[in-house]
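Here's the structure we're looking at; comments come further down.
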Amino acid sequence: MTPREAFFAPAQKVKANDAVGRVSAEFVTPYPPGIPVAAPGEVYNEAIVYYLEEVVAAGDSSREPRTSRSRSCGWSPQPQTE
């Protein structure tokens, strides 16, 4: 899947432990350091999910990975409620 295809494809948020093997719909860039951890079309692996969980566990809400749109596929630091 190309980055463009992933970006425009239908997407959903999932819990971190369900993200491994899924495709990212957009950039995930914790700040600091402001370096993307996942890009559109990239498949989440255990190392990516572990790093993002560590960022959230650090307790600094300014470092929590967020996306500008709610269509992110593969990563959600919080479980989704219906």
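Values for this structure:
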| quantity | calculated |
| --- | --- |
| Selection from segment 1-18 of residues that are farther than 18 Å from Leu52 by Cα and of a type in the set (Val, Ile, Thr) | Thr2 |
| Looking only at segment 9-34, and only at residues there that are out of contact with any Pro (no Cβ under 9 Å at 6 or more places or on another chain) and in a helix (DSSP H, G or I), the one that is modelled with the lowest pLDDT | Asn17 |
| Residue that is modelled with the lowest pLDDT [pool: residues in segment 35-82 that are more than 23 Å from Thr2 (Cα to Cα) and small (Gly, Ala, Ser)] | Ser62 |
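The values are calculated or read from the model by the stated rules, or taken from the named source; none is laboratory data. Small disclaimer: the values here were computed from a predicted structure and weren't measured. All Cβ positions, glycine included, derive from the backbone under ideal geometry; neighbour counts span all protein chains shown.
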